[in-house]
Structure formats: structure tokens, C-alpha cells
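Report on one structure; see the data block that follows.
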Amino acid sequence: MTNIDYTQLAEILFPNVKATPEEMEARFPARDLPEGACVSRLAPSPTGFVHLGNVVQGLTSERICHQTNGVLFLRIEDTDAKREVPGASEILIEMLSHYGIIFDEGAALNEEGKICDKGNYGPYKQSQRAGIYHVFAKKLVQEGKAYPCFCTEDELEQFRKEQEDEKANFGYYGKWAKWRDRSIEDIKKELDAGKEWVLRFRSTGSIENKFKFDDLVKGTVDVTENDIDHVLLKSDGIPTYHFAHAVDDHLMHTTHVVRGDEWLPSLPFHIQLFKALGFKMPKYVHIGPLMKMDGTSKRKLSKRKDPELALSYYKQEGYPTECVVDYIMTILNSNYEDWRRANPDAPMTDFKFSVKKMNPAGSLFDIAKLCDVSKNMISRMSAETVYNSVAEWSKEFDPEFNTEFTKDSEFTKAVLSIGRGGNKPRKDFAVWSEVKDYMGFMFDKYYNVEGTYPENFDNDTIVSALEKFAATFDTSDEQNVWFDKMKDVAESLGFARETKEYKANPNAFPGHVGDISAFVRVAVTGKQNSPDLYAVMSILGKDSVNNRIKAQIERLRG
RNA sequence: GGUCGGUUGGUCUAAUGGAAGUGACACAAGAUUUUCAUUCUUGUAAUGCGAGUUCGAUUCUCGCACCGACUACCA
């Protein structure tokens, strides 16, 4: 082994780094927080793709922090320039805020809607923290815990092939760690030649050594020491996720790291890194992935295959965000559902969230269940709230419907009020996009003139029923009077006045009052199913109802 | 190949070293309603497999199977 002057090496590699780790510590002092307060963060990549995973992690972190009067901050992990999409951070903040994930600190939007920093532990974009990382990188080199590596992509690929052939573990270690113990002269030669280099961690671990580590969700996990000399700084001087995670979460005083369990395999390296840097470990909350049923087996929700992973899907379909939040809460803490039933109108934040309740396995994301949650929540909303939400949604996603829907807001709200309120409200739709189907017939534009009538009745009978009914009904009638008139029509055609009467003796009548109302229903709504017909007709008004019936009579007569 | 994680009805889950549920979704049947949506009642349905420890294991231990993740100068 060559004897290397690490201090000299550090100077050669980082000649411009003058600041010391101590200065960094002083610049980011411990937070002044009450006892037991948790500090957590969401640290997404700005790829422009905001997904359910962000909400799952975000809600978990948010609850952990705000339930303990702690701090939730947003850090943008833009260390991979290739994946960054302009404007992605802005979209992310905007989207998450709709889901109740509001950050106390970190990347934020200014008054012009542009990204800016809020808080004393910034910058919060990792690409702007290069100088900070380099201070700690230099320190690691000085201590002999990191070294430069000049291997090219081709060389690394070659190692990989050899390892496959030899059935050896993959990675930069052992005889493949070509630059682990090279002389200063060798390193200088490459540097002088202008070769690109990365900074690698000098691992002292061995896969022979196992130990236990506590994860707040997974419990005690078995860990095998890492023996790979992972990259800390890429050739552009930007850190890898691992190094940035250690430095940032230390300096920003994160107490709880919430992230997907795809990170579990790199935990050994992270533990090693924190130790090497002399940092205290945060607590880890590794969340299982969201799964989806694919045929008979489950698989992780995939960005490519599953549109429902993207938050934009829920916006487009018109799922109220609070419903998505409620559903996700039921996945995160199974007792949330019971709590919600007992407290239907309480804000979600009243629920006592517990990390211990989280499932260490991946949960299946069940759209059917989401719809159920959504249906229930929407049924409890006021007509006013529904009106505003549908108006906002349709403005963006169905402008044509929006025009009709908002033309006469009092009329529309009256329709939305049918069966709303009380203990057993109607549950007709789970998403705003279903509203058009539900009540479109109230607008002439969407009223289906070609409505199909119940079978087993000839046109003459239907026409005759419609004529008789149109001649007598009055929108000022009370509901019972209105229905009595319906019964009169039934009787005059030889139909049973009461449904029960008919059921008791079905051969005695051609039909019953329910059939008469079915004729009227189809004539007025164009559909065999509708909300309460009396309410529908009252809201439509006498003229509109008469016009529709008249047109139907003519149509049926051919 | 290696490392790690996971496994209770179709799904989300509860519980426990001592009979696995007046839990939820979905599904089915019935009742209710002038239709639908509701609401109510009822029903179908589960501890992956094999050992070990134990009087007793779904729970603890080990092995296997299956599923998933990671194994990048991505995060």
C-alpha cells in the first residue's frame, strides 16, 4: 500500500475550498424547537411528474412534523441534471398544497409564482449547495475516507461483465477498486491530463459483518455492511443522492427521514456515511410501495403503465383532493377509517397519526375504495360546495358543460340539492366528471330526445298516458297531489293505482303507477333512471316539462 | 448471481402464545323506494408451504416458495 499524504491530496482535489466543516455547523445551528418536535422533509426530484408516492410520503412527513409542532420543509433534489424539467418545482409545490401538504420551510413560491427559498437552512435546491458538499468531501479526503477515481464508463462496464462471468457481486470493490490505493503521482498525472474524476467513498465494511438497525416502520432490520466504494461526487462536482442526503439532512437537522423502501438496500451505505462524517443518524421511516392488481398478481404502480399514479389523473377525473387524502390516510393508518366514521366532519388533522400503525408491506391502491370514500364525502358536501367544485373542474376539463352548468347558478344548485342534506343523502357520484352524466338532462343541450321507454308497452299506451298527465299536472302541486294525479292517469288506463296492488295480482292489470311515472320520467329526463322526478320537474318548470312531453308525444306518434 | 424487505378472505386491515372480527371496500341474495342512488338485513370468503420450540403457533425460530425493491457518475 502506498503511503499517501491525504492532506496534500485534499488540497489538490479541492484547492478552492477554504471553509471548514465547523463553519458549516455554525452556519446551520441546531433548531430551537419544543421537546419531541420532529423535523422532516420531502425531497423529490423535479421531473415534472408529481405522483401518489409524493402525497403518501408528504402526508406522512407532514403529520409527523405538525403533530409534534415540528418543521416540515421541502428540498429539491436536482442533482441529476438529465432528469430535471423546467418549472417542475413550481408545479410540485402547487399540486401538493392542494393536498394539504404545506411546507414551513424550504423551496417555496414567491408572489410571482417563481421558486425561491424560505428559511435559514438553505439553499434548498441541491444544485446550489455544491460548495457545502465540497467542504465535507474535502474533509473525508483529508481523513482518508474518500479518494478520486478516474475510471471511464467503459472500464466500469468491463468490470461489471467480469463480475457477471465470475459470478461475483457487482460494484466497485476489491480488485476492481482500481483507484482506491493509488499514489499521489498517479492521481496528479490524470488530473494534469485533464481527466474527469469522481470522488468515491473508501469503504471499510465487509459483507461478512451483519448488524441490526431500527426502522420506524419495518421494525428491526438485518443489515449487511456495505463494502462498495460508492460515488460521493459525480464528475460534474454534484453529489450523488447518498452524499447529499447525509450532508443535507444533517445540516438541516432532519430528525425523521420518510422515504420509499426502495432505499432500504442503500441504508448500510448511509449508516456508514453518517458515521464517517461524524453525524448523528436520523430516524428512518421506510414506506412500502403502492401496488396495483395486474391480473392475479400485485405489482408496484408504474409510471409508464399506470396513469392513476400521476396526480394529474385525479385532477382530470375530478376527484376532490380531500377525498384522495382521506383514502391515502386509510392506507397509511388503518384505524383512520373508523375514526372518520365517528368524526365525519372533523378535519383530517384531528386524527392522531401513528407511524407504528403503518404497514411495512406495500398496499394495493384500490380505486374502487377511493371511489367509495369519495362518494361518501361528496354526499356530505353542500350543494354550494359541489357547485363551486364542479364549476372549477369543468372550466378546465369540460368547457362545454361548464357553459351550461354555470349559466344559471341558482338552477344548477337547486338540481344539486336534490336528495342532499339529512342523514341519508344521495350518493350519486364519486368524481366531478360523473356529474354531467348524472344531471346533464336538466339542460336542453344534453337532454336525450331519443330516450327509450320501458318495453312491453306500445306507443299508443305511452302517448295516452303522457297526454293525460300533461293535461292535469301543475308545478305548484304538492308532491302527494302530484303523485295522486299520476295514480289517476294509471287508473284511467286500467293500470293499478298502487304498486302493491299490481304485485299481488299481476295478471289483472297491464301495468301500475310506477310504469306511468316511468313514461313521464323518460319523456322529461330522457332516461329510465333519475333523481326524484317530482323535484326534477319542479326545478325544470312547467314550460320546459310541457315542451319536452309534447315533443315526445309527437315523436312517438311518428 | 448477491443483498434487503414483504406474505391474515378478491382488496385494505383488526387481534392474539389459548375459539382469527357486530371493521371497511368489492361481490351475491333479500327488503325498502314510483325509477335510480340510498338505507336496512343476510351471505360467500383468509393466517403461502414445511419443520422446530410449546400442553397449545396465525403469532416465536429455521428452511422453502412466491411477490417486491435494490444491485448507476438516477433518485
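Read the figures in this text as sums done on the coordinates, not as results from a lab. The structure displayed is predicted, hence computed values, not measured ones. Cβ placement follows ideal geometry from the backbone for every residue including glycine, while neighbour counts extend to all protein chains displayed.
Per DSSP helix of 4 or more residues, -39500 (n - 2.57); summed, then divided by the residues of chain A. What does that give at 222 nm, rounded to the nearest 500? Don't jump to the answer; show the numbers that get you there.
Numbers: 23 runs with 246 residues, N = 558.
Using -39500 (n - 2.57) per qualifying helix, the result is -13000 deg cm²/dmol.
What's the ranking of A:368-378, A:150-160 by average number of surrounding C-beta atoms within 10 Å, highest first?
Per-residue Cβ counts within 10 Å, averaged per peptide and sorted highest first, yield A:368-378, A:150-160.
Count the DSSP beta bridges whose two residues both fall in chain A, then state the antiparallel fraction as a percent rounded to the nearest 5. Intermediate results must be reported in sequence, preceding the final value.
Numbers: 22 of 38 bridges.
Taking every DSSP beta bridge within chain A, about 60 percent pair in antiparallel fashion.
Among A:460-472, A:134-146, how do they line up from the highest to the lowest mean number of other beta-carbon atoms within 10 Å?
A:134-146, A:460-472
In whole percent, what relative contact order does the stretch A:459-557 give with Cα contacts below 8 Å and a gap of six or more residues?
Relative contact order, the stretch A:459-557: 32 percent.
Give me the number: length gained by fully extending A:T152 to A:K283, i.e. 0.36 nm times residue separation minus the C-alpha to C-alpha distance, one decimal in nm. Let's see the in-between values first.
Working: separation 131, 0.36 × 131 = 47.16 nm, distance 3.63 nm.
Extending this stretch completely gives an extra 43.5 nm.
In the neighborhood of A:G106, defined by Cβ-to-Cβ distances under 14 Å, what is the net charge if each Lys or Arg adds +1 and each Asp or Glu adds -1?
Value of the local net charge: -3.
Each label point is 7 Å from the Cα along the Cα-to-Cβ direction; what then is the distance between the points at A:K369 and A:F213, in nm?
Calculated label separation equals 2.9 nm.
How much length would be gained if the chain were fully extended between A:T224 and A:K445, taking 0.36 nm per residue of separation minus their Cα-Cα distance, in nm to one decimal? Spell out each step's value before the answer.
Values: separation 221, 0.36 × 221 = 79.56 nm, distance 6.71 nm.
This chain segment gains 72.9 nm when fully extended.
In percent, what relative contact order does the stretch A:183-249 have, based on Cα pairs under 8 Å that are 6 or more apart in sequence? Walk me through the numbers before you get to the answer.
On the way: 72 pairs, mean separation 20.4, N = 67.
With pairs under 8 Å counted, the relative contact order is 30 percent.
Ranked by Cβ crowding within 10 angstrom, fewest neighbours first, how are A:K427, A:K210, A:K292 ordered?
Ascending number of Cβ neighbours within 10 Å: A:K210, A:K427, A:K292.
Between A:Q163 and A:R299, what FRET efficiency follows from the Cβ-Cβ distance if R0 is 25 Å, with the result rounded to 0.05?
Numbers: r = 28 Å, r/R0 = 1.13.
Efficiency for this residue pair is about 0.30.
With unit charges on the beta carbons (Lys and Arg positive, Asp and Glu negative) and the dipole taken about the Cα centre of the stretch A:356-403, which residue among A:L364, A:M381, A:N402 sits farthest to the positive side?
So the residue furthest toward the plus end is A:L364.
For an R0 of 35 angstrom, estimate the FRET efficiency from the Cβ-Cβ distance between A:D543 and A:D437 and round to the nearest 0.05.
0.90
Filter A:K283/A:K357; A:K189/A:K275; A:K303/A:K352; A:K175/A:K234; A:K212/A:K369; A:K303/A:K369 down to the pairs with a C-alpha to C-alpha distance above 26 Å, please.
A:K189/A:K275; A:K303/A:K352; A:K212/A:K369
Grab the other residues whose beta carbon is less than 13 angstrom from that of A:E337, score K and R as +1, D and E as -1, and report the net. Numbers along the way, then the final one.
Values: positive: A:R340, A:R341, A:K357, A:K369; negative: A:D326, A:D338, A:D366, A:D372.
My count for the surroundings of A:E337 gives 0.
Hey, for a label at A:K114 modelled as a point 7 Å past Cα toward Cβ, could you say which residues of the stretch A:29-71 have their backbone N under 11 Å away?
Within reach of a label on A:K114: no residues.
Given an 8 Å cut-off on Cα distances and at least 6 residues of separation, report the relative contact order of chain A as a percent.
Once normalised by length, the contact order is 11 percent.
Counting Lys +1, Arg +1, Asp -1, Glu -1, what net charge surrounds A:V141 among other residues with beta carbon under 10 Å of its beta carbon?
For residues surrounding A:V141, the net value is +2.
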